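Participant: Here's a structure for you.
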Amino acid sequence: MKVLLLAKEFRDGEGVSEYCKNLAEYLVDQGHQATIVSFDDMAEYHVDDRVDVQKVPLPFEGDNIYNWAMMMNNELKNRAREIIEAENYDIIHCNDWITVPGGVSLQKHLELPLAVTIHSTENERGFEGDHAELISELEWQGTFEADKVFVTKEDTKNSVLFDLDVPEEKLKAVDPYSHDWQSRILNEYKQIVKQEEKAVQEN
């Protein structure tokens, strides 16, 4: 199985980065292929050499996090599309609202299954700032379009259920500090891909 992970950044010690790193290293240990595509902020990172890390520069500066994220998504999406079209990946996995536009666009254009991990919601973060409502809408879009939604803690699970109206059967809690959380994600990947293959055969 070939998995492409989208992340805002990839650097040592940052929470989402460590989540992606640990998941990707588990996947390659199990004989699968993992690629991480993230913004190139020139930060240092250490990861198993079998994990393909593609860091993409952004030649523009946004005047706020939302505008910057939209520009960054275009760059991530373009690089990810090149990778997927060259090697026929099985699933795309994006992290938080900030990579949802790229993930959803790739899902629709390449007709691949999409997984989304929500590490926290805008409601949890206090719904502050000029673009809070737009960010929350992107969280909703990502969870609506995803074949599977992962959350990393109980508070986020409740917020995704009640604030974003995600059906419970679509949701999977995976505490990254728990035992074998990576294997549970891999099992979900396999089920998603199997369902996708069945749907294609039926059509």
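The values are calculated or read from the model by the stated rules, or taken from the named source; none is laboratory data. Computed from a predicted structure; not experimentally measured. FYI the Cβ positions are ideal-geometry reconstructions off the backbone, even for glycines, and counts take in every protein chain you see.
Participant: Taking interchain pairs and intrachain pairs at least six residues apart, which have beta carbon atoms under 8 angstrom, with the first residue in the range 140-155 and in contact (Cβ under 8 Å) with a residue 12 or more places away in the chain and the second of a type in the set (Asp, Glu) and part of a helix (DSSP H, G or I)?
Facilitator: Every condition considered, the pairs that remain are Asp147/Glu196; Lys148/Glu188; Phe150/Glu188.
Participant: If you check Leu76 against the conditions, is it under 25 Å from Gly129 (Cα atoms) and touching a residue at least 60 places away in the same chain (Cβ under 8 Å)?
Facilitator: In short, yes.
Participant: Name every residue in the range 1-23 that is among the aromatic types (Phe, Trp, Tyr) and touching a Lys or Arg at 6+ places or on another chain (Cβ under 9 Å), in order of residue number.
Facilitator: Phe10
Participant: Any chance the range 113-126 includes a residue that's surrounded by fewer than 19 Cβ atoms within 10 Å (Cβ to Cβ), within 22 Å of Leu161 (Cβ to Cβ) and free of Cβ contacts under 8 Å to residues at least 12 places away in the same chain?
Facilitator: Within the range 113-126, one or more residues are surrounded by fewer than 19 Cβ atoms within 10 Å (Cβ to Cβ), within 22 Å of Leu161 (Cβ to Cβ) and free of Cβ contacts under 8 Å to residues at least 12 places away in the same chain.
Participant: Further question on the same structure: Please count how many residues of the range 151-163 are buried (at least 19 other Cβ atoms within 10 Å of the Cβ) and part of a helix (DSSP H, G or I).
Facilitator: Total meeting the criteria: 4.
Participant: So which residues in the range 37-93 are closer than 14 Å to Lys8 by Cα and of a type in the set (Val, Ile, Thr)?
Facilitator: Correct list: Val37, Val53, Val56, Ile65.
Participant: Among the numbered criteria (1) at positive phi; (2) without any contact (Cβ under 8 Å) to a residue 12 or more places away in the chain, which one does Asp63 miss?
Facilitator: Condition not satisfied by Asp63: (1).
Participant: So, one more: If you check Val166 against the conditions, is it over 18 Å from Lys21 (Cα atoms), touching a helix residue (DSSP H, G or I) at 6+ places or on another chain (Cβ under 8 Å) and either of a type in the set (S, T, N, Q) or part of a loop (DSSP other than H, G, I, E, B) (or both)?
Facilitator: yes
Participant: Let me ask something additional. Which of the residues spanning the range 21-44 are touching a residue at least 24 places away in the same chain (Cβ under 8 Å) and surrounded by fewer than 18 Cβ atoms within 10 Å (Cβ to Cβ)?
Facilitator: Asn22, Glu25, Gln30, His32, Gln33, Asp41, Ala43, Glu44, listed by residue number.
Participant: Please list, ordered by first then second residue, the pairs with beta carbon atoms under 7 Å, 6 or more apart or interchain, first in the range 156-174 and over 12 Å from Glu139 (Cα atoms), second of a type in the set (A, V, I, L, M, F, W, C) and assigned to a helix (DSSP H, G or I).
Facilitator: Qualifying pairs under 7 Å: Glu168/Leu161; Leu171/Val160; Leu171/Leu161; Val174/Trp181; Val174/Ile185.
Participant: Now for a separate question. All but one of (1) touching a Ser or Thr at 6+ places or on another chain (Cβ under 7 Å); (2) surrounded by fewer than 19 Cβ atoms within 10 Å (Cβ to Cβ) hold for Glu75, so report the exception by its number.
Facilitator: Of the numbered conditions (1) touching a Ser or Thr at 6+ places or on another chain (Cβ under 7 Å); (2) surrounded by fewer than 19 Cβ atoms within 10 Å (Cβ to Cβ), the odd one out for Glu75 is (1).
Participant: Between Thr143, Thr117, Thr121, which is of a type in the set (S, T, N, Q) and part of a strand (DSSP E or B)?
Facilitator: Residue meeting the stated conditions: Thr117.
Participant: Let me ask something else. In the range 175-203, which residues are part of a loop (DSSP other than H, G, I, E, B), without any contact (Cβ under 8 Å) to a residue 40 or more places away in the chain and not small (Gly, Ala, Ser)?
Facilitator: Answer for the range 175-203, where residues must be part of a loop (DSSP other than H, G, I, E, B), without any contact (Cβ under 8 Å) to a residue 40 or more places away in the chain and not small (Gly, Ala, Ser): Asp175, Tyr177, His179, Asp180, Asn203.
Participant: Out of all the residues in the range 134-144, is one or more of a type in the set (Asp, Glu), at pLDDT 95 or above, surrounded by fewer than 23 Cβ atoms within 10 Å (Cβ to Cβ) and within 22 Å of Glu169 (Cβ to Cβ)?
Facilitator: No - not one qualifying residue is present in the range 134-144.
Participant: While we're on this one: Can you confirm whether Lys55 is closer than 17 Å to Gly102 by Cα and either in contact (Cβ under 8 Å) with a residue 24 or more places away in the chain or surrounded by 12 or more Cβ atoms within 10 Å (Cβ to Cβ) (or both)?
Facilitator: So Lys55 passes the test.
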